[in-house]
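Presented below is the structure to which this report refers.
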Amino acid sequence: MREVELLSLNKQSNTMTEALRELRTNIGFCGDDIKTILFTSALPNEGKSTVVIDFARSLDESGKSVLVIDSDMRKSVLIGRHRAKAKDGEPIKGLSHFLAGLSKLDEVVYKTQLKQMHIIFSGPRVLNPTELLEKKYYSGLIHAIREKFDYVLIDCAPLGAAIDAAVIAKECDGAVIVVAQSEATSKMVLNVRRQLENSGVRILGAVLNKVDMKKANYYGKYYGGYYGKYYGKYYSEYYNDVDEE
Ligand SMILES: Nc1ncnc2c1ncn2[C@@H]1O[C@H](COP(=O)(O)OP(=O)(O)O)[C@@H](O)[C@H]1O
Ligand SMILES: [Mg+2]
């Protein structure tokens, strides 16, 4: 298997570690049939990629094998942000190579330096991401890998901007909505929920991100039945973003 080193991984604060552990427990309680989980949001920059990578690290630490698929082919930041370098020195191949039929599956799955965390990067930008995702290659990919890992976490484009996540949802066991406090309106988030529900995927919950910890208790304010998660704003202290966004 090809290997990649993520040269910059942020340190996690205790609040973060705790929040991620809770997310892990909550998802664990959703049942062992939940393996492939997509993450989306209403808007860009709500923290999907951040949450996905940190959640993958948290699962890895707990002894689970995990594959992250960067399926946000509109705004991909993982290679630059984490300064990913392939061990063999070759240019990194990604999802768009695979979906276009240019690379085989084992050429795009990279094992990271963490124990059991793997990544498929998004690959170069393409003009027609939705069309590529709708093709049989994507569902073939999900089916081929689901038995190889304990969890497959799929980082998707925001549903307010493109229907990609709803297309991907058809192939997933569960979906998590990332909501940055004070960014998306509740109407926007409910719209995301409706689109996901229409795709038939089970909605596992929402991660409330970029929370102002000084303010009142927001737990579950917007989403009656969902669990809200304080995924602290402390994050920014540790995050050294190197991408142009
Ligand atoms: N909890 C947080 N606190 C502060 N900044 C955050 C937090 N989560 C994400 N960010 C920052 O917000 C920006 C967008 O995050 P990102 O994960 O790329 O969002 P998305 O994938 O939803 O577009 C990044 O600069 C990231 O470092
Ligand atoms: Mg992202």
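Odds and ends about this structure:
- Reported count of residues in the stretch 1-21, each being open to solvent by less than 10 Å² (accessible area, probe 1.4 Å) and under 17 Å from the mean Cα position of the chain (by Cα), is 4.
- Within the stretch 22-130, helices (runs of 4 or more DSSP H) holding 2 or more residues that are buried (at least 18 other Cβ atoms within 10 Å of the Cβ): 48-61, 78-81, 95-99
- Among (1) within 16 Å of ligand 2 (Cβ to nearest atom); (2) in a loop (DSSP other than H, G, I, E, B) - the single one Leu153 does not satisfy: (2)
- Top-ranked residue of the stretch 185-215 - restricted to ones that are touching a strand residue (DSSP E or B) at 6+ places or on another chain (Cβ under 9 Å) and assigned to a loop (DSSP other than H, G, I, E, B), ranked as farthest from Val51 (Cα to Cα): Val201
- Matching residues, the stretch 69-88, being within 18 Å of Val109 (Cα to Cα) and either in contact with a His (Cβ under 7 Å, 6 or more places away or on another chain) or near ligand 2 (Cβ under 9 Å from one of its atoms) (or both): Asp70, Asp72, Ser76, Val77, Leu78
- Looking at Glu22, Glu18, Glu3, Glu46, just one residue is in contact with a strand residue (DSSP E or B) (Cβ under 8 Å, 6 or more places away or on another chain) and more than 24 Å from Ile92 (Cα to Cα), and that residue is Glu46.
- For the stretch 1-21, a tally of residues being under 23 Å from Lys111 (Cα atoms) and assigned to a helix (DSSP H, G or I) returns 3.
The values are calculated or read from the model by the stated rules, or taken from the named source; none is laboratory data. What you are looking at is a predicted structure, and each value in this text was computed from that prediction instead of being measured. Neighbour counts are summed over all protein chains in view; Cβ atoms, including those assigned to glycine, are modelled from backbone coordinates with ideal geometry. SASA here: full protein model, heavy atoms, side chains in, ligands and nucleic acids out. Shrake-Rupley method; radii C 1.70, N 1.55, O 1.52, S 1.80 Å.
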